[in-house]
C-alpha cells in the first residue's frame, strides 16, 4: 500500500517548493544532525524515494507549547515536511475531525499501518486515581497510550512533560504525572527535551527515522546525541566572560549591559544539555541567554524542583567543551570540584586582570 503513495519529494513539488528549497532543507537537517556529506546525500535519497510516514500525535498533560513551537517554525519546509508530508493522521490539536470520526481515524491508522507508524506524545501521563486526571473519549491517557504504542515503529516524547514530567510532576505531584519512557513497557522512547523543544530539532529527529529507518543515537537520558551532546554553556557566546570571572550581579546593572555571564543570576547553562546556542530560535535569531535571560535548564529532568530559577546552583566550573552528558554525571561535580576549582580560580583571576586592564585602557583613551 505504501508503494501507491507519493514520495516526500513529490509531495513537496506538488506544494510548489523548488528543488533548491528541497536541497537547502536536506542540507540544513543533515548539518543539524551532524552528518557528513554522504549522510546528507542519504537524507536526500530517502526523501526522494520514500513515501510519507504515517504519524499519530497524542496529547496528554501539557500546555501544547511543543505543537506551538513546531507549527511556528521559521524554516520554510519544517512544517510542510512534518505536518503535511509525513501524513499526520491523528492529533487532537490540529486535526479537523472530532468525536467518533476522530477516534475512527486513530483506530484505522494503527490497524492499517501496524508496525509502520510513528507515535509522537506530548504531555505526561497521570497514574493516580486510575488515570482519572486525563481522559479522552472516555478512556484514560494511560490506556490510550498502551493501545497506540503497542505496534508503533518508534515512540517520540516531545518536550519536558512527556520526557520527564515537567511542572505536572513537580513536588508534590498530585496527579502522579509520569514521563512516557516509564510506561513504555520495554520500548525505547526518544526524549526530545525542552520546554518547548526547538522546532528544527523535532524535525531532525523525524527525518532521521525516515532517512535511516532507525532511531538516532541516544544519550543516557534517551535524548538524541546530535542535539543534546553539549552543554548550553559550551556553545554560549558569554562563555569567555564566565571563564574570566565576569558576571552580571543584578538585573540591568552595568555588567548586564556589557553582556557578561548570567551564571550568578541563576543560569543553568553549565549543566544543561541542548542546542539553544547553536540552532537558536526564530530562524536562528536568538535564544534566552542572548535575550538577557538565564537558562532555566528546561531540557533536564526535574528542572522545576531544581531550586529557584534565579538563584545559581552550587559551583559547577571548568568542564571543557569536549564534555558530554554521558561523561558528566549528575554527581560528578562533587567528586572533581576541588582540583578543577583550584585551576579555574587561578585562570579566572589572571583573565579578569587582563580584561579589566584592557577596559581601563579603553576608558582612558576615550577620555
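Exactly one residue among 53, 94 is at pLDDT 75 or above and assigned to a loop (DSSP other than H, G, I, E, B), and that residue is 53.
The set of residues in the stretch 43-64 being over 24 Å from residue 197 (Cα atoms) and surrounded by 16 or more Cβ atoms within 10 Å (Cβ to Cβ) consists of 44, 46, 50, 51.
Conditions (1) surrounded by fewer than 16 Cβ atoms within 10 Å (Cβ to Cβ); (2) under 20 Å from residue 32 (Cα atoms); (3) out of contact with any helix residue (DSSP H, G or I) (no Cβ under 9 Å at 6 or more places or on another chain); (4) free of Cβ contacts under 8 Å to residues at least 24 places away in the same chain, marked per residue:
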residue: 255; (1), (2), (3), (4): no, no, no, yes
residue: 260; (1), (2), (3), (4): no, no, no, yes
residue: 265; (1), (2), (3), (4): no, no, no, no
residue: 268; (1), (2), (3), (4): no, no, no, no
residue: 271; (1), (2), (3), (4): no, no, no, no
residue: 277; (1), (2), (3), (4): no, yes, no, no
residue: 291; (1), (2), (3), (4): yes, no, yes, yes
residue: 294; (1), (2), (3), (4): no, no, no, no
residue: 299; (1), (2), (3), (4): no, yes, no, no
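For the stretch 11-20, a residue qualifies if it is crowded, with 16+ Cβ neighbours inside 10 Å and modelled with pLDDT of 80 or more, and exactly one does: 17. Counting only helices (runs of 4 or more DSSP H) wholly contained in the stretch 173-251, the ones carrying 3 or more residues that are modelled with pLDDT under 95 and touching a strand residue (DSSP E or B) at 6+ places or on another chain (Cβ under 7 Å) occupy 199-212.
The values are calculated or read from the model by the stated rules, or taken from the named source; none is laboratory data. Remember, it's a predicted structure, so these values are computed and weren't measured experimentally. When we count neighbours, we look across all protein chains shown, and the Cβ atoms used for this are built from the backbone with ideal geometry, even at glycine.
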